[in-house]
Structures are given as structure tokens and as C-alpha cells.
1. Out of the range 87-131, which residues are modelled with pLDDT of 90 or more and either under 18 Å from residue 167 (Cβ atoms) or open to solvent by less than 70 Å² (accessible area, probe 1.4 Å) (or both)?
2. Of the conditions (1) over 19 Å from the mean Cα position of the chain (by Cα); (2) surrounded by fewer than 20 Cβ atoms within 10 Å (Cβ to Cβ); (3) touching a residue at least 12 places away in the same chain (Cβ under 8 Å), residue 134 satisfies every one except a single condition; which number is it?
3. Name the residues in the range 32-57 that are exposed (fewer than 11 other Cβ atoms within 10 Å of the Cβ) and on the phi > 0 side of the Ramachandran plot, would you?
4. If you go through the range 178-194, how many residues are in contact with an Asp or Glu (Cβ under 9 Å, 6 or more places away or on another chain) and under 27 Å from residue 57 (Cβ atoms)?
5. May I ask you to list the residues in the range 173-195 that are within 18 Å of the chain's Cα centre (by Cα) and not in a helix (DSSP H, G or I)?
6. For the range 196-221, enumerate the residues that are among the acidic types (Asp, Glu), open to solvent by 80 Å² or more (accessible area, probe 1.4 Å) and either part of a helix (DSSP H, G or I) or free of Cβ contacts under 8 Å to residues at least 40 places away in the same chain (or both).
7. Of a type in the set (Lys, Arg), out of contact with any strand residue (DSSP E or B) (no Cβ under 7 Å at 6 or more places or on another chain), modelled with pLDDT of 95 or more and open to solvent by 70 Å² or more (accessible area, probe 1.4 Å), is that true of residue 172?
8. Picking from 204, 164, 147, which residue would you name as being within 20 Å of the chain's Cα centre (by Cα), at pLDDT 95 or above and over 30 Å from residue 54 (Cα atoms)?
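The values are calculated or read from the model by the stated rules, or taken from the named source; none is laboratory data. These numbers were taken from a predicted model, which means no experiment stands behind them. Using ideal geometry, Cβ is built from the backbone for each residue, glycine included, and neighbour counts are taken over all protein chains shown. Just so you know, the surface numbers come from the protein's heavy atoms only, side chains and all, with ligands and any DNA or RNA stripped out. Shrake-Rupley method; radii C 1.70, N 1.55, O 1.52, S 1.80 Å.
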Amino acid sequence: MKISATHTARLLGAGLRALLVLTVVTGIVYPLVITGVAQGLFPGKANGSRIEADGEVVGSSLIGQAYDLPLGDGRETPEPDLRWFQGRPQNGLGTNSVNTRYDLILSGATNRSADNAELVRWVEEAKAAVVRDNSVPGRPVWPSDVPPDAVTSSGSGLDPHISPEYAGLQVRRVAERNGLPVARVQELVDAHTTPRTLGFIGEPRVNVLELNIALRELRQT
């Protein structure tokens, strides 16, 4: 059976009209509606859960940050600025990490098994650093005091939270480095500890960026 040119043109026309309608509906109308609903109901989350301090956006509550000393003075690799609370380590402590110091080009897990020699070395190095950095005169930190999230990265490598235990481990070091009372710094941690969602989902957590913003405000008072 031969298909006439008129019939072919009609089919092409119907296809083009369907393409145009679907393009407008799914490519313009739907995104605008969803964007409008999101902006109306939860604008903060829709705009990236941005956090402001002193009138400036300083980060997102969903993405961790590094709190390092500026490079220079003989430092060629980042070193933590111990005046601030530190987040979880990234996937690997060396140059082969999946995501180094919250570089947002890549995110992901190490995909190494628990008995992988390189992963074991990373964890041991991280634990030694936590013990060294957080020990203060008269109050040493022991390896058994170090919680798991202090020496392991999250699945994405961008987790902005730490456990209350890890935040508490850093309290004395942060207080000493900033000349603040230990009890006052501990109050900051307690005030910024989020409980389990709905009382049973997940674990208690502390957003490091929000905690450090509160610490900076305390330092300025």
C-alpha cells in the first residue's frame, strides 16, 4: 500500500505539534510550576539551603567545608586551623582521595573494603591526627576516645555534619585556642545538636558550619 504525500505531511505535522506541545509543557510550564511551588513553600531549601553570616552567604547547610590555615609559610598542603571545629575527613588523606578537602568537582565513597591496606593506613593516620590535635595539657585524648566519624568520610564525601561525640572531643581544644571557657563552648555544641528526625530516624548530629558561625560570634563578644 502506498502512502500519499498528503498523508505523510499530516503525520509529520501531528508529530511536530506533539513535539511542540510536550516541549512547552515539560520544558517550560512544568519547571516553572515546580519552581514556583518550591519558592512559595520552602524558598530556603529551593535556593540551596544557603547560610548567611554578617549579611553574606558563607556556605550551604548541606555541604561541608574545610577549615584550614592559609597556604604559605612553608605549607604546601592544607593543614587544619585548630581554632575551629573540624568536619569529617575526606575520602583519603593523600593525593589519591576521591574528594580532597571538599572539592566539589567530585563526590563519592572510596569503594575500598574494610581490610584494604590503604584505607587502614588512612584511618590510622586520621586517628593519630585527631589524638594529637585535640589533646590539651592535662587532658590527653586516647585512641579509644576517637569516634568513627572522626576518621572516616561519609558516602558522598561532602557530609556537613559530625556526631555530638566528635564535636565534644574538640571542645577543649577549641576553647583553649580561642581563650574561651570550656563550659561555654560545650553549650554551643549542645545548642547546635540536632536530634534524630522524628525521634527515631538517623542519629543526632551537629552541623559544623553553623557551629563555627556561632563560635565566631562568641569570639567577637
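1. Correct list: 87, 88, 126, 127, 128, 129, 130, 131.
2. Evaluating residue 134 over (1) over 19 Å from the mean Cα position of the chain (by Cα); (2) surrounded by fewer than 20 Cβ atoms within 10 Å (Cβ to Cβ); (3) touching a residue at least 12 places away in the same chain (Cβ under 8 Å) leaves (2) as the failure.
3. 54, 55 - these are the residues of the range 32-57 that are exposed (fewer than 11 other Cβ atoms within 10 Å of the Cβ) and on the phi > 0 side of the Ramachandran plot.
4. So the answer is 1.
5. 192, 193, 194, 195
6. 217
7. The answer is no for residue 172.
8. 147
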